[in-house]
1. Looking only at segment 128-144, which residues are in contact (Cβ under 8 Å) with a residue 60 or more places away in the chain and more than 18 Å from LYS103 (Cβ to Cβ)?
2. How many residues, within segment 93-142, are within 18 Å of MET69 (Cβ to Cβ) and either not in a loop (DSSP other than H, G, I, E, B) or not hydrophobic (A, V, I, L, M, F, W, C) (or both)?
3. What's the total number of residues in segment 131-151 that are in contact with a strand residue (DSSP E or B) (Cβ under 8 Å, 6 or more places away or on another chain), modelled with pLDDT of 90 or more and not polar (S, T, N, Q)?
4. Restricted to segment 6-57, and to residues that are open to solvent by 60 Å² or more (accessible area, probe 1.4 Å) and of a type in the set (D, E, K, R), which residue is modelled with the lowest pLDDT?
5. Just wondering, is there one or more residues in segment 152-166 that are loosely packed, with under 14 Cβ neighbours inside 10 Å and modelled with pLDDT of 75 or more?
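The values are calculated or read from the model by the stated rules, or taken from the named source; none is laboratory data. All values derive from a computational prediction rather than experimental measurement. No Cβ is skipped: glycine too gets one built from the backbone with ideal geometry, and neighbour counts run over all protein chains shown. Heavy atoms of the whole protein, side chains included, go into the accessibility calculation; ligands, DNA and RNA do not. Shrake-Rupley method; radii C 1.70, N 1.55, O 1.52, S 1.80 Å.
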Amino acid sequence: MMKLRSALLLTLLFWLPPAVKADSVDSLSWSWTVSGSGFDGSGTLVTGPLRADPSLAYAYNTDYLALNMTGQLNGQNVLLNGGYILGGGDTSALTTFYFDPWKGLNFQTSNAQLWRLVHPDLPVPSGYEILLYSYSSDLWSPVDVTITPLPEPSVWMLTCVGLVGMLLIAVMKRHVIAS
C-alpha cells in the first residue's frame with residue numbers, strides 16, 4: 001500500500017507539466033529601475049517573447065517588443081508608448097545593450113512629458129552607456145538602468161508543487177517510522 005502511494009505521488013510530481021512552456025510564452029515580465037542625473041524610477045515592463053528582427057542596428061538581430069510598462073519616474077506614473085529591448089536569447093545579454101539607439105523605449109509620464117531610453121550608437125564617455133531623452137526639454141541625461149526578468153508563474157507553480165511533494169514525503173516517512 002505504501003509503495004503504491006509513493007508511486008502515485010512521484011507520478012503526479014513528474015507528470016504535472018509547467019503551466020506555460022518557455023518556448024510558447026506570449027509575454028515576459030521584467031522589473032526595471034532608472035537612476036542617476038536626478039532621475040529615480042522603477043516598475044514592471046511586459047514584453048513579447050524573444051523574436052528575430054533583422055532591422056536592428058546591432059549584432060543581436062533579436063529583440064523583445066515592449067507591450068506594457070507600469071511604475072513611476074520621479075513620482076509620475078509611466079505609460080508605454082512603444083519600443084524594444086535588445087536581446088540575444090540570453091537575458092545576461094541585457095547587461096551590454098538595453099535599447100536600440102534609434103527606436104529606443106518610449107514612454108510618457110502622467111505630467112504629459114515624453115521620454116526615450118536609448119543606447120548611443122557612437123562612442124561616448126564612461127557613464128553615458130544609456131541615455132534618457134526628454135522631448136519636452138530636449139535634453140539627454142545619462143542614467144543607470146537595470147532590467148531583471150521576473151519568474152514566470154509556471155516556475156512558482158513548480159516550486160510550490162515540489163515543496164508540497166517534499167512535505168508529503170516527509171510526513172509519509174514519519175508515519176511509516178511511527179507504525
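1. Of everything in segment 128-144, those that are in contact (Cβ under 8 Å) with a residue 60 or more places away in the chain and more than 18 Å from LYS103 (Cβ to Cβ) turn out to be SER141, PRO142, ASP144.
2. Summing the residues that are within 18 Å of MET69 (Cβ to Cβ) and either not in a loop (DSSP other than H, G, I, E, B) or not hydrophobic (A, V, I, L, M, F, W, C) (or both) in segment 93-142 gives 24.
3. Taking segment 131-151 and keeping what is in contact with a strand residue (DSSP E or B) (Cβ under 8 Å, 6 or more places away or on another chain), we get 131-136, 139-150.
Restricting the remaining residues to those that are modelled with pLDDT of 90 or more gives 131-136, 139-145.
Cutting the leftovers down to not polar (S, T, N, Q) gives us 131-133, 135, 139-140, 142-145.
Residues meeting the conditions: 10.
4. Residue satisfying both the conditions and the ranking: LYS21.
5. For segment 152-166, residues loosely packed, with under 14 Cβ neighbours inside 10 Å and modelled with pLDDT of 75 or more: absent.
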